[in-house]
Amino acid sequence: MKKIIQTQTAPQALGSYSQGVSSTASEWLFLSGQIAISPETGQLVQGGIEEQTERVLQNLQAVLSAAGGDLSQVVKATIYLQNLEEFAKFNAVYSRYFTTSPPARSTVEVSRLPKGALIEIDWIAALG
């Protein structure tokens, strides 16, 4: 059985997906990829990779919080960057969120993201 996680403090889905899904059979929470959309305006935030990374992480935190979780429970992150040359700038922002015991992480370069975003991140969290 699965439970859909939905919050107004993160952007609404742009397509056919849930912001997050947890399983009543386990304590896993799977958070859909987030791009830098402001939940207040529904628009991509202005600025470069640092501003977009900050917004993406805030969006993911909102979904995680709506499920009753916190950053210490994130076990895996997948990062999609439009340009890997922006990795150091992205990592400087990301590292502020995970100062101790960071999750496992994969980072890949992609040719395009929805709405022309520079970054997308998805998480897996262990809530139990």
(request) Note the listed values (i) 15.2, 49; (ii) 21.3, 65; (iii) 13.8, 41, then indicate which one is Rg and Dmax of the Cα atoms in Å calculated from this particular structure. (result) (iii)
(request) Within segment 1-56, report the chymotrypsin sites (Phe, Trp or Tyr not before Pro) that DSSP leaves as loop and that have at most 10 other Cβ atoms within 10 Å. (result) Y17
(request) Would you mind getting me the FRET efficiency between K2 and A104? Use the beta-carbon distance for r and R0 = 22 Å, nearest 0.05. (result) 0.45
(request) Check each of the GluC sites (Glu not before Pro) in segment 9-89 and keep only those in coil by DSSP with at most 16 other C-beta atoms within 10 angstrom; list them in order. (result) E27, E40
(request) Compute the acute angle (0 to 90°) between the alpha-carbon long axis of helix 87-97 and the principal axis of greatest extent of the alpha-carbon atoms of the chain; round to the nearest 10°. (result) 40
(message) If amide hydrogens are placed 1.01 Å from N in the peptide plane, which non-local residues have theirs closer than 5 Å to the one on G20?
(response) I5, S32
(message) Under 14 Å between alpha carbons, and skipping anything fewer than 8 positions from K3 in its own chain: which aspartates and glutamates qualify?
(response) E27
(request) Net charge near G69: determine it from the other residues with C-beta under 14 Å of the C-beta of G69, scoring Lys and Arg +1 and Asp and Glu -1. (result) 0
(request) Tally up the carbon and sulfur contribution to the accessible surface of the chain as a whole percent, 1.4 Å probe, everything protein left in place. (result) 51
(request) Assign unit charges at the C-beta atoms only (+1 for Lys and Arg, -1 for Asp and Glu), then state the dipole size of segment 1-117 relative to its Cα centre in Debye, rounded to the nearest 20. (result) 300
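The values are calculated or read from the model by the stated rules, or taken from the named source; none is laboratory data. Please read all numbers here as calculations on a predicted model, not as lab measurements. Glycine gets a Cβ as well: all are built from the backbone with ideal geometry, and neighbour counts include every protein chain shown. Just so you know, the surface numbers come from the protein's heavy atoms only, side chains and all, with ligands and any DNA or RNA stripped out. Shrake-Rupley method; radii C 1.70, N 1.55, O 1.52, S 1.80 Å.
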